[in-house]
Amino acid sequence: MAELPQAARGFGVTFFTMFKKVVTEQYPEDRDKYPPKPRFHGRHQLNRWADGLEKCIGCELCAWACPADAIFVEGASNSEEERFSPGERYGRVYQINYLRCIFCGLCIEACPTRALTMTNDYELADSSRASLIYEKVDLLGPMLPGMLPAPHPMVPGLTDSDYYAGKVKGSVPEQANDRPAAGGLGATS
Amino acid sequence: MGLEESLPSGVLLTTVEKFAGYARKGSLWPATFGLACCAIEMMTTGGARYDLARFGMEVFRASPRQADLMIVAGRVSQKMAPVLRQIYDQMPGPKWVLAMGVCASSGGMFNNYAIVQGVDHVVPVDIYLPGCPPRPEMLIDAILKLHDQIQDTKLGPHRKQEIIALEAEALTAAPTSEMRGLLR
Amino acid sequence: MTMTSNNGSDLAAVEMVSVTVDGVTIEVPRGTLAIRAAELLGVEIPRFCDHPLLDPVAACRACLIEVEGMPKPQPACAQVVSDGMHIRTQVSSPVAREAQEGVLEFLLLNHPLDCPVCDKGGECPLQNQAMSVGRPQTRFDGEKRVFDKPINVSAEILLDRERCVSCARCTRFADQIAGDPMLELLERGAKQQVGTAADQPFDSYFSGNTVQICPVGALTSAAYRFRARPFDLVSVPTTCEHCASGCSLRTDYRRDTVTRRLAWADPEVNEEWNCDKGRFAFPYLREGRITSPMIREAGELRPASWPEALDAAARGLAAAGSSTGVLVGGRSTVEDAYAYARFARVALGSDNIDFRVRESSSEEAAFLAAVIAGTPVTTTYESLEQAPIVMTVALEPEDESPIVFLRLRKAARSGRTRIVNVGAVATKGLTKVRGELLAALPGAEAQVLQMLPADIRRALGQPGAVILVGERIASVVGGPSAVAALATETGASLAWVPRRAGERGALDAGALAGLLPGGRQLVDPSARKQVAAAWGIDASELPTGVGFAGENLLAAARDGVLGALVSGGVELGDYPDHALAAAAFTGVGFLVSLEHHHSAITEQADVVFPVAVVTEKSGTFLDWEGRPRPFGQVFRDSLYESDARVLGMIATTMERRLGPSDVAGIRREHAGLGLWEGFRGQVPDRVPGFTMMGEHQFALASWRALIDAGVMQEGEPFLAATARQVGVWMSARTAASLDHPSQVRVIGPGGSIVLPVQVAEVIDKVVVLPMNSPGCSIYRDLGARVGDAVGLVTVKRHEGEGS
């Protein structure tokens, strides 16, 4: 190779590169081929217990942990008629301002009930500042099979401590009794 | 004009709008303008692995006169704000602004007197991109969402109608101070 | 921490002992506790149960120290020092440190680790002391004791038993300070817990204090539980606006909303306590406010701009001129009341002004002017504590001035003070202060005062004796005269205890017809000259004749003698003569109302101005002693203006020159005037009245319960639920004569009301009703005043439910 002209050597590099594996990720077409790592800090999610009651207790520790002041929580008291979470309190207002959030995950560490976790969803760009303040409806996790939309009573016979100990495995028919129509939360947003 | 009258109403203009939008979105040239850590991700996006060239954005232009997209990548200090505005003013229209990362979008975690609390105080922003910093995919996603906006841009009389409609909407909108939602 | 202040005067008599703490010898008074001796040297011994105002109990054992000569560590909070004692605290003694660490570890065994969501987290003595003297790791790996949480010890107070460290502060407070021993430690050992009897909730007027002194988060209030954390609150020292006790409070707010109020330590006034009304009745500050000025147009009130409303008010008042009446409610600060007084005299040229939105009489006005107005502070809380005898007349301290009640209880507990109440009921409050009842029919107290038993009269002659007279003396014909005469004869010091926070200040500010600031008489030439000079006018410009006051003022407004009324902080339902008051406000030609909430009066007003509540302005209240209780503005960027500012703006619009309207300026002007030392007017000398009633009639005794239907208590259901049960109190003999009914219909001159019967220690021929409680307002429902004769009819249960 040494006797080849310099120019040819240079073109050679270019030529052989054509046979190398292409490094370019074809986002967005092949989005699913390049998923983020499981521990990637993406959009938040407010989780529910297996019966559909919310895990958030409105304690505001996430808001306190937040270094960017991106979270606003306002708690309210559960009542027997309108129960959103086990125990005394639930998060009535839950807002995350994604134009302040730095995805550091301190809120996740602070949460005492694992109500707040992060997903791998990262496609968040939007055209106005207001639309990037996510409300509780936007953040709540999906209704999985066996879940009933809150508000509804706790599983009969279980206490809030049993919920925290993970003893609830799904909703039971008794919980659906005289439930307010169409999940109070969605109606208020 | 002759052709317009003989065609079904609106066809030609719609087509011109679509064509212009297609042409514009297909050759967005960003200005080279990195302010902080977000710029590292922006450079990565231009590199081989993410390859912004796939979307007709070959080069980051060193002169604002040749650019039509300003990616504000990083926090804008109060001292930088007039510079930023000058660069924006030097760009020829039509032009777009992408606020990349939370600092450019709202000040992010730097809620203090040194940082402009959102670059929309200085220039009109077309798309906001959360993240600290956003990963390259997020930037590409934002650029693609901007492409959609550009594709749907109205022209001529349609734009005038749109402006009238938007203004009427804005005049009847609730002021921010009255938007309480669930808050007490 | 408050130091007990009572032995300041006789320091010389105190015997000193010398004690050595950690090798440093100091002199302390005999009887000092080791924990206080160490505090004097700056050594802080950990403690939970110790509280300087409660008796030592050594319940928590956190303060163990080593005392030379004693075999085992001793609790410093209960160890009285003796001469030559050698004490070694955790600073110098490994034994003491070991003991303290051990106790703390023991206390934490069953304590839940819920600090992040606990209300006390951030201001918690247990948290702090676990950090300072605790061990970093626990050796306990068993399961912690748990209880059902929380339990309600009352509607307002909740108890998380697993957090409790059994320090007995709450039970001792309830027993010793409040005298409501409903809280008790139950069970033994690990199960030991605070609790109440099943049928007897902790419905004390002072229950909120237990939340404040709880050294852990075991006691919380329903109003504050989980609402905020200590570290995100901004605290401002304020003064309570609910009564004339003048408590120092700490107002904590967050996001422009008051979240809680706490008692602030003021040893001379409220020590470290306050009542539940002052602590919990604050939602009214925010709810239901008037947000913009309003003017009446075509019979309807509509929102208006400030200039528009000021213009309307100025035109209407200028037209009425000196035939305008000014009514100042009892909620005004001194500065606002002063502004009303000055506005009436200078801007309107009118002397028709009265601050008494309640039962009032001309005799009372003369009494207040001659004896109370503009007098310096002489009778204080301290003098109650030191007094050999305290006589209360027309006053129920527990309901009408709770901190006076606490001081009386403290005095009674010390055994020095004899307490006598002239009234018709031996209330539970009187029992708690170990008082005697000197029976008097309501309305006939003056007769009893004139014919006092010899021993009481003699006791009142002792130095330091105190007579406390309540505002209800106005309803007793000859009452103010008799009280003033008694005080003069015996030499006992006399204090007037009004109920509302602003009354004493309004009196001193001259918001009463015939009275100028500082107790000056309107008719006194030199007093006129002084006031006119301060107000920058000529003395001849001041009104010459004494104007209307009390019900005469209302009647004049009704009859068209007055062309306009200016009212601020007035509640229609507080006037005894409902019909007269309603007719006055509807009948008057022009009505300007300065209010923070919509009321029956704002509905009638021609111009309504929104004014600031106490959190939105600074000012001063005078408590019943006459002691100024200044407070600052909590919400500094509030858009509401104080009454004084609004009056100033109206005067400016009327093109009348008024002095400064800001708090600092008014204070300066008022202080420049000072107190009056000249003639104060004649002490009234009326012949005592008597109570007239038929054979089957009863005299009505009544006062306002602490927690009642007052408008400033709105929006706090938990507090309302701790109110005393509404009912008719009667003696056992009266109940027997009616065949022990469970309910009776009380028939007054203007209506009747059915209420449950409660047998109490009431004298015969008297029934007691709450004056203004939910479901019972004597003015509205009965049309009766205190001392009026009412009839009783037994009601079968089903009939009672119908009405």
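The values are calculated or read from the model by the stated rules, or taken from the named source; none is laboratory data. Quantities reported herein were computed from a predicted structural model and do not represent experimental measurements. Cβ sites come from the backbone with ideal geometry, for glycine too, and all protein chains shown count toward neighbours.
Data table
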quantity: Hey, C:Ser221 among the hydroxyl-bearing types (Ser, Thr, Tyr), closer than 29 Å to C:Arg161 by Cβ and within 14 Å of chain A (Cβ to nearest Cβ) or not; calculated: yes
quantity: When residues of the stretch A:113-129 are limited to those that are of a type in the set (D, E, K, R) and touching a strand residue (DSSP E or B) at 6+ places or on another chain (Cβ under 9 Å), the one surrounded by the fewest Cβ atoms within 10 Å (Cβ to Cβ); calculated: A:Asp121
quantity: Qualifying residue in the stretch A:31-39 (condition: more than 14 Å from every other protein chain (Cβ to nearest Cβ), within 30 Å of A:Phe84 (Cα to Cα) and either surrounded by fewer than 11 Cβ atoms within 10 Å (Cβ to Cβ) or free of Cβ contacts under 8 Å to residues at least 12 places away in the same chain (or both)); calculated: yes
quantity: Verdict on B:Pro94 being within 14 Å of chain A (Cβ to nearest Cβ), touching a residue at least 12 places away in the same chain (Cβ under 8 Å) and either surrounded by fewer than 22 Cβ atoms within 10 Å (Cβ to Cβ) or touching a helix residue (DSSP H, G or I) at 6+ places or on another chain (Cβ under 6 Å) (or both); calculated: no
quantity: In the stretch C:68-81, residue surrounded by the most Cβ atoms within 10 Å (Cβ to Cβ) [restricted to those that are under 17 Å from C:Arg30 (Cα atoms) and aliphatic (A, V, I, L, M)]; calculated: C:Ala76
quantity: Among the residues listed as C:Leu565, C:Leu553, the single one being closer than 25 Å to C:Leu673 by Cβ, in contact with a strand residue (DSSP E or B) (Cβ under 8 Å, 6 or more places away or on another chain), surrounded by 21 or more Cβ atoms within 10 Å (Cβ to Cβ) and in contact (Cβ under 8 Å) with a residue 60 or more places away in the chain; calculated: C:Leu553
quantity: Checking C:Val523 against (1) touching a Leu at 6+ places or on another chain (Cβ under 9 Å); (2) without any contact (Cβ under 8 Å) to a residue 40 or more places away in the chain; (3) of a type in the set (Val, Ile, Thr), the condition it does not meet; calculated: (1)
quantity: Among (1) at pLDDT 90 or above; (2) closer than 22 Å to C:Gly519 by Cβ; (3) in a loop (DSSP other than H, G, I, E, B) - the single one C:Gly672 does not satisfy; calculated: (3)
quantity: Complete set of residues in the stretch C:729-779 that are under 19 Å from C:Val425 (Cβ atoms), surrounded by 17 or more Cβ atoms within 10 Å (Cβ to Cβ) and of a type in the set (D, E, K, R); calculated: C:Lys765
quantity: Subset tally (residues that are surrounded by 19 or more Cβ atoms within 10 Å (Cβ to Cβ) and within 7 Å of chain A (Cβ to nearest Cβ)) for the stretch B:106-117; calculated: 3
quantity: Residue satisfying condition, being hydrophobic (A, V, I, L, M, F, W, C), at pLDDT 90 or above and closer than 29 Å to B:Cys103 by Cα, within set A:Phe103, A:Phe19; calculated: A:Phe103
quantity: Among the residues listed as A:Gly58, A:Gly42, the single one being touching a Gly at 6+ places or on another chain (Cβ under 6 Å) and within 13 Å of chain B (Cβ to nearest Cβ); calculated: A:Gly58
quantity: Verdict on C:Pro774 being more than 30 Å from C:Val448 (Cβ to Cβ), at pLDDT 90 or above and outside the structural domain of C:Leu430 (by TED's automatic domain parsing); calculated: yes
quantity: Residue check, B:Gln149 in contact with an Asp or Glu (Cβ under 7 Å, 6 or more places away or on another chain), among the polar types (S, T, N, Q) and either within 14 Å of chain A (Cβ to nearest Cβ) or without any contact (Cβ under 8 Å) to a residue 12 or more places away in the chain (or both); calculated: yes
quantity: Condition check for B:Asp68: farther than 20 Å from A:Ile133 by Cβ, more than 14 Å from every other protein chain (Cβ to nearest Cβ) and within 11 Å of the chain's Cα centre (by Cα); calculated: yes
quantity: Selected residue (only one of C:Arg250, C:Arg261 is outside the structural domain of C:Val663 (by TED's automatic domain parsing), in a strand (DSSP E or B), among the basic types (Lys, Arg) and surrounded by 21 or more Cβ atoms within 10 Å (Cβ to Cβ)); calculated: C:Arg261
quantity: Enumeration of residues in the stretch C:147-156 that are at pLDDT 85 or above and over 33 Å from the mean Cα position of the chain (by Cα); calculated: C:Phe147
quantity: Qualifying position, being over 30 Å from C:Leu53 (Cα atoms) and in contact (Cβ under 8 Å) with a residue 60 or more places away in the chain, among C:Arg289, C:Arg254, C:Arg315; calculated: C:Arg289
quantity: Tally of residues being surrounded by fewer than 24 Cβ atoms within 10 Å (Cβ to Cβ), among the small types (Gly, Ala, Ser) and in a loop (DSSP other than H, G, I, E, B) across the stretch C:568-598; calculated: 1
quantity: The stretch B:112-138, residues that are under 14 Å from the mean Cα position of the chain (by Cα), not in a helix (DSSP H, G or I) and not aromatic (Phe, Trp, Tyr); calculated: B:Gly118, B:Val122, B:Val123, B:Pro124, B:Val125, B:Asp126, B:Ile127, B:Leu129, B:Pro130
quantity: The stretch A:95-112 - residue that is more than 9 Å from chain B (Cβ to nearest Cβ) and not in a helix (DSSP H, G or I) and, of those, surrounded by the most Cβ atoms within 10 Å (Cβ to Cβ); calculated: A:Ile96
quantity: Selected residue [of a type in the set (Asp, Glu) and crowded, with 17+ Cβ neighbours inside 10 Å] from A:Glu82, A:Glu54; calculated: A:Glu54
quantity: So A:Ser77, is it within 24 Å of C:Ala222 (Cβ to Cβ) and either surrounded by fewer than 19 Cβ atoms within 10 Å (Cβ to Cβ) or within 14 Å of the chain's Cα centre (by Cα) (or both); calculated: yes
quantity: Close pairs from the stretch A:154-166: first farther than 16 Å from C:Phe147 by Cα, partner outside any loop (DSSP other than H, G, I, E, B), Cβ under 6 Å, at least 6 apart; calculated: A:Pro156/A:Glu174
quantity: Scope the stretch A:57-71; condition surrounded by 19 or more Cβ atoms within 10 Å (Cβ to Cβ) and under 19 Å from C:Arg227 (Cα atoms); matching residues; calculated: A:Ile57, A:Gly58, A:Cys59, A:Glu60, A:Leu61, A:Cys62, A:Ala63, A:Cys66, A:Ile71
quantity: Tabulated pairs, the stretch B:28-56, first over 26 Å from B:Gly107 (Cα atoms), second of a type in the set (Ser, Thr, Tyr), C-beta under 7 angstrom, 6+ apart or interchain; calculated: B:Ala48/A:Thr24; B:Arg49/A:Thr24; B:Tyr50/A:Tyr27; B:Tyr50/B:Thr44; B:Asp51/A:Thr24; B:Leu52/B:Thr45; B:Gly56/B:Ser27
quantity: Candidate set: the stretch C:622-647, residues that are surrounded by fewer than 23 Cβ atoms within 10 Å (Cβ to Cβ) and among the aromatic types (Phe, Trp, Tyr); chosen: the one farthest from C:Glu268 (Cα to Cα); calculated: C:Tyr640
